[in-house]
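The values are calculated or read from the model by the stated rules, or taken from the named source; none is laboratory data. Nothing here was measured: the structure is a model prediction, and the numbers come from that model. Backbone-built Cβ (ideal geometry, glycine too); neighbour counts: all protein chains shown. In case anyone asks, the SASA skips ligands and DNA or RNA and just uses the protein heavy atoms, side chains included. Shrake-Rupley method; radii C 1.70, N 1.55, O 1.52, S 1.80 Å.
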Amino acid sequence: MVAVKPVAWHLSEAEWQAVITGWGYPAYQARLLWRWLWQKGVADPLAYSDLPQALREKLKETYDWPVPTLIARVESQDGTQKFLWEMPEGGQVESVWIPKGARATLCLSSQIGCSLNCRFCATGQLGLERNLQDYEIYLQYHAVRHQLGLPITNIVYMGMGEPLLNFSAVVGSLEYLTQRAGLSSRRITVSTVGIPKGIRRLAEVDFVGELAVSLHSAIAEKRQMLIPLAERIALDELKAALGYYCEKRREWITIEYVVLEGVNDSSADAAALRAFVAPPIRAKVNLIVYNPVPGLPFRPSGRIAAFQQALLREGLITTIRRSRGSDIAAACGQLARRHSVNQKP
Ligand code: SAH
């Protein structure tokens, strides 16, 4: 049997120091290595020009230095780019890079496929293939930023998968992004379908990032119709978990709401949403313009502006998220590699 080499991305700075001094090299060389790997983002130790050649070779031999393989790259008319990667441990995921003025947001996947089966979502139609490892989630950032050289100012966990169903890998990847690669936690948002247990756990661990919750309806039967998992999660339970989170962390969250024609866009829907966002929950509402998915019966609502006005009148901070990259199937909920490989823009 071939021995599996340890993955270089897993080691902490202290662990590298132990390895390097254990091999008889001075400790400062571990710091140099750390800088190459995490700040400069170079995943090949042979290129670490300020380390002795013998050490570089030993590092290369002893550890595995995986990066994702780029399978496809498509650019939208609006500048959004979508990448399909083959992951180091097998399987393919997409990430999306969305430039907007001085900002460039990268949308990461946390799982290959998704188990939730939300009725309106393309990824939901795929089923779950597997969880990504912590370093595989991080590597989507690494690859876009360092392999391809694109700037990244913000990160959202809004690609394929449900972050809170891959909890420890997601928390691990957040640590890599903030503590190791130096991104500000204020610029990272994790989006969840709303799993109370996971939300409470996030409130308690050293979670670094902002939280967004996909509500889509504050009326129980409608939410269950859109999100099958909601059949097992009472709205009150979700509400309590979100309240706990806001109190415990003294923070605001974002409520995401895809506005669907004739489904969740009436004044009764707005009133229910208004009632849901009450203390101890502190939230702003982000209305999402639906991106139609071929074969699914949902349409973007023509009432989104009126819906926003109704919420604004009630004193809710409410913004609208417009679609980006829909011409290359890179918009929210369109990530599904089956439909995207070799697709013409
Ligand atoms: N599982 C997580 C994160 C992935 S989806 C979650 O549910 O939040 C990111 C956001 O895109 C969610 O709010 C999701 O409901 C939304 N979304 C899914 N399909 C969409 C579509 N076709 N158009 C617009 N938004 C969509």
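For segment 296-325, give me each residue that is among the small types (Gly, Ala, Ser) and either more than 12 Å from the ligand (Cβ to nearest atom) or without any contact (Cβ under 8 Å) to a residue 24 or more places away in the chain (or both). If the condition is that a residue be among the small types (Gly, Ala, Ser) and either more than 12 Å from the ligand (Cβ to nearest atom) or without any contact (Cβ under 8 Å) to a residue 24 or more places away in the chain (or both), then Gly302, Ala305, Ala306, Ala310, Gly315 are the ones that fit. If you go through segment 208-224 and keep only what is out of contact with any helix residue (DSSP H, G or I) (no Cβ under 6 Å at 6 or more places or on another chain) and not in a loop (DSSP other than H, G, I, E, B), you end up with Glu210, Leu211, Ala212, Val213, Ser214, Glu221, Lys222. Beta carbons closer than 6 Å, at least 6 apart along the sequence or on distinct chains, pair a first residue in segment 231-250 that is over 11 Å from Arg200 (Cβ atoms) with a second that is in a helix (DSSP H, G or I) and open to solvent by 50 Å² or more (accessible area, probe 1.4 Å) for Glu231/Gln224. The set of residues in segment 33-88 that are open to solvent by 30 Å² or more (accessible area, probe 1.4 Å), touching a strand residue (DSSP E or B) at 6+ places or on another chain (Cβ under 7 Å) and charged (D, E, K, R) comprises Asp64, Arg73, Glu75, Glu86. Pairing each residue of segment 152-169 that is touching a residue at least 12 places away in the same chain (Cβ under 8 Å) with any residue that is aromatic (Phe, Trp, Tyr) and more than 8 Å from the ligand (Cβ to nearest atom), provided the two are 6+ apart or on different chains, yields C-beta distances under 9 Å for Ile152/Trp97; Ile152/Tyr141; Ile155/Tyr141; Ala169/Tyr135. For segment 225-324, the helices (runs of 4 or more DSSP H) that sit wholly inside it and include 1 or more residues that are of a type in the set (Gly, Ala, Ser), open to solvent by 30 Å² or more (accessible area, probe 1.4 Å) and within 25 Å of Gly198 (Cα to Cα) are 235-249, 267-276.
Restricting segment 98-124 to residues that are open to solvent by 20 Å² or more (accessible area, probe 1.4 Å) and more than 16 Å from the ligand (Cβ to nearest atom) leaves a set whose member that is farthest from Val171 (Cα to Cα) is Gly101.
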